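The values are calculated or read from the model by the stated rules, or taken from the named source; none is laboratory data. Bear in mind that the values here come from a model prediction, so they are computed numbers and not experimental data. Cβ placement follows ideal geometry from the backbone for every residue including glycine, while neighbour counts extend to all protein chains displayed.
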Amino acid sequence: MTRKKYFAVHAELSPRAKSVLGVLSFVLPIFIWCMVSYVPAIWHPLVLVTDPGSVDYFQVGMRVDHATFDMETNDAKSEHRTLPAGQPTNPIYLPAPDEVLKAFYTSFTTPPEARDSPWLHQSLWHSIQIIFWGFVISSIFGVPLGILCGTYTPISRLAEPFVEFFRYLPAPAFGALAVAVLGIYDGPKIAIIVIGTFFQQVLIIANTTRKLDGALVEAALTLGTKNIQLLKRVVIPGILPDLYRDQRILLGWAWTYLIVAELIGTTSGITWFITQQARYQHFPKVYAAIFMIGIIGLGTDLVLTYLGKRFFPWDLSGKK
Amino acid sequence: MNAIKKLPSYLEQSDDVRARFDRMKARDIILDVKGLGKKFTDPSKRGNEVVALKDINFRTHRREFLCIVGPSGCGKSTLIRILAGLETSSEGQVLLQNKPVTGPGRDRGMVFQGYTLFPWLTVKRNVMFGLEVNNTGAVESERQALQWLQLIGLEKFANAYPSQLSGGMKQRVAIARALANQPRILLMDEPFGALDAQTRARMQAHLLEIWRKIDITIIFITHDLDEAIYLADRVLVLKAHPGEVQELIEVPVPHPRQTVQFISDEFLATKARLEELIHAKSGSDDDEDMYPMMQRLADVEDSVE
């Protein structure tokens, strides 16, 4: 009975059920991660050496595989030497949740390894700026062009085939070119974000504009609306809530280009932090930094969704 | 067969009705449709030309209420869209106060079957829309908009969004929005088609009330014959394939119109004539009114008669 109710196609859920499931969607993966990290019976393919005993190449904190550890233990036992001690552990690249959680704090408080390098908050801020400018520059051109394509068929036929072709060219492929043209600092990084966003943006917004109810345009025409007024007073306000939604999704895509963009030229921002910490095998910090990107992304999206509801009170589709 | 008494001819008019028609015909001609034709190329039929409208001629006088009826596919929507300037004709022309219609304009208001209020504007701003795009000042537009809202009895909803209104209310606002522009003629394309029967009846009475109060000529498309007779001074009957004028009927039902007249002799006679024109003549090529021999699928004993 209830199973039927929950698994009906497009079932309506109570607000309570919705929030419980929403929380679960985060709790479940974290739970699996905890199980893998804290229950020694699950996975734990290595042994963390706590006491090297008589094995001369063992060191405290060293991770060796079970076979090696057992062999050395057996050798030591047969030769009546001191036995090494150790406990099952996961590889270093899979830190436990508590370590990552700690790293969230320590990443900010640990001074950078090299003297002139930026702190984490500086790296993050740099990344956010790259995203922001990339997205703004793309939108300045992409949004108007998309709206024009969606409104005027000749412009659409002229611009869209090429845009359609260009969007299949992977943005990172332009990295070397961008460096040659724009130098090694922020220029090429912003350019990669722009290339990655712009072409999708034009097509998506053109499609959104085309979906505007033609009857609204006709109604405006019969009220004596002409040319530019039609665009200003009907087309743009009519698509605004959808345009806003598109921009939110496109901003998410811009974030996915961030890491590649920051590797171009001199590595910078959060990517620099991540590669640096990986080099020192500070994997908890690597995870923390990756999650920070996710948190910033999801956070912005939630804020923008909330603002959208305030901006467009008439838009019913946004209230779902 | 089941006509209990002999109806008078729909052509018979009482003296009052005739006098009223004479007064109407003495008024200026607002709209003059001359030899209007429309051809489409149908891509599904290998680009063959389909004649949607052929040689349509009619005139409407100032403050006339003209209904256009016809079977589906007779091109009544195409006709009204050409009058509005939303589509172009292939032949002939439309003259509005002796000036040819070349495109949409504020002199012809239109109310559509679907709801076309701008969802991002409040009711008041919707009504102000036409005034604003035609460069009436904001204060003046607002004053006039509120007046129109009062006329349609929705001043309480001035600041509501269209999504908060019922279907009937939406169409009332759409009428007010079209009228606020003070067009010479109001074109209505099955505006009450999506409404339930009760709301529709109320809207019809409402529309007649508005029409009585202001100087407006109305061209109203419907497929509901009762609606056409109840509202119209004259009914233009079209036939399908190709869309041609069959008859322009002067409705002999006296004014002011009331719902009790639905069973008056004049009303029934007119309706009988309309039905004859629209349903009877569609010959063998129209499969809509052909009943194929259908097998009995229910038990013989289990009769519903």
Checked segment B:53-68 for anything buried (at least 19 other Cβ atoms within 10 Å of the Cβ) and either closer than 21 Å to residue B:25 by Cα or without any contact (Cβ under 8 Å) to a residue 40 or more places away in the chain (or both); matches are B:56, B:60, B:61, B:64, B:65, B:66, B:67, B:68
Among the listed residues A:43, A:33, which satisfies the condition of being hydrophobic (A, V, I, L, M, F, W, C), at positive phi and either out of contact with any Gly (no Cβ under 6 Å at 6 or more places or on another chain) or buried (at least 17 other Cβ atoms within 10 Å of the Cβ) (or both)? A:43
Suppose we filter B:91, B:87 for residues that are touching a residue at least 12 places away in the same chain (Cβ under 8 Å) and under 30 Å from residue B:134 (Cβ atoms); which single one remains? B:87
Yes or no: segment B:74-81 includes at least one residue that is assigned to a loop (DSSP other than H, G, I, E, B), hydrophobic (A, V, I, L, M, F, W, C), within 14 Å of another protein chain (Cβ to nearest Cβ) and surrounded by 15 or more Cβ atoms within 10 Å (Cβ to Cβ). no
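Per-residue answers, yes or no, for (1) touching a strand residue (DSSP E or B) at 6+ places or on another chain (Cβ under 9 Å); (2) surrounded by 12 or more Cβ atoms within 10 Å (Cβ to Cβ); (3) of a type in the set (Phe, Trp, Tyr):
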site: A:142; (1), (2), (3): no, yes, no
site: A:147; (1), (2), (3): no, yes, no
site: A:152; (1), (2), (3): no, yes, yes
site: A:165; (1), (2), (3): no, no, yes
Is at least one residue of segment A:251-267 over 21 Å from residue B:161 (Cα atoms), polar (S, T, N, Q), at pLDDT 95 or above and not in a loop (DSSP other than H, G, I, E, B)? no
Of all residues making up segment B:171-188, the number that are surrounded by fewer than 22 Cβ atoms within 10 Å (Cβ to Cβ) and of a type in the set (D, E, K, R): 1
Go through segment A:170-214 and report how many residues are within 14 Å of chain B (Cβ to nearest Cβ) and not in a loop (DSSP other than H, G, I, E, B). 1
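Rundown of residues vs (1) more than 10 Å from every other protein chain (Cβ to nearest Cβ); (2) of a type in the set (D, E, K, R); (3) assigned to a helix (DSSP H, G or I); (4) under 26 Å from residue B:79 (Cα atoms), yes/no style:
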residue: B:95; (1), (2), (3), (4): yes, no, no, yes
residue: B:113; (1), (2), (3), (4): no, no, no, yes
residue: B:120; (1), (2), (3), (4): no, no, no, no
residue: B:128; (1), (2), (3), (4): yes, no, yes, no
residue: B:140; (1), (2), (3), (4): yes, yes, yes, no
So in segment B:189-230, with the set limited to residues that are within 14 Å of chain A (Cβ to nearest Cβ) and over 19 Å from residue B:251 (Cα atoms), which one is farthest from the chain's Cα centre (by Cα)? B:194
Residue hits (segment A:221-249; within 32 Å of the chain's Cα centre (by Cα) and of a type in the set (Ser, Thr, Tyr)) are A:244
Condition check: part of a helix (DSSP H, G or I), in contact (Cβ under 8 Å) with a residue 12 or more places away in the chain and surrounded by 16 or more Cβ atoms within 10 Å (Cβ to Cβ). Does residue A:124 satisfy that? yes
Might you let me know whether segment B:150-160 holds any residue that is within 11 Å of chain A (Cβ to nearest Cβ) and out of contact with any strand residue (DSSP E or B) (no Cβ under 8 Å at 6 or more places or on another chain)? yes
Selection from segment B:222-260 of residues that are assigned to a helix (DSSP H, G or I) and at pLDDT 90 or above: B:225, B:226, B:227, B:228, B:229, B:230, B:231
Would you confirm whether or not segment A:74-92 contains a residue that is surrounded by 12 or more Cβ atoms within 10 Å (Cβ to Cβ), touching a residue at least 60 places away in the same chain (Cβ under 8 Å) and not in a helix (DSSP H, G or I)? yes
Note: among B:150, B:164, B:204, just one is crowded, with 16+ Cβ neighbours inside 10 Å and at pLDDT 90 or above, namely B:204
Of the residues that make up segment A:257-267, is at least one within 14 Å of chain B (Cβ to nearest Cβ), among the polar types (S, T, N, Q) and without any contact (Cβ under 8 Å) to a residue 12 or more places away in the chain? no
Condition met for residue A:302 (touching a residue at least 24 places away in the same chain (Cβ under 8 Å) and away from chain B (no Cβ under 14 Å)): no
All but one of (1) touching a Gly at 6+ places or on another chain (Cβ under 6 Å); (2) more than 14 Å from chain B (Cβ to nearest Cβ); (3) not acidic (Asp, Glu) hold for residue A:223; state the number of the condition that does not hold. (2)
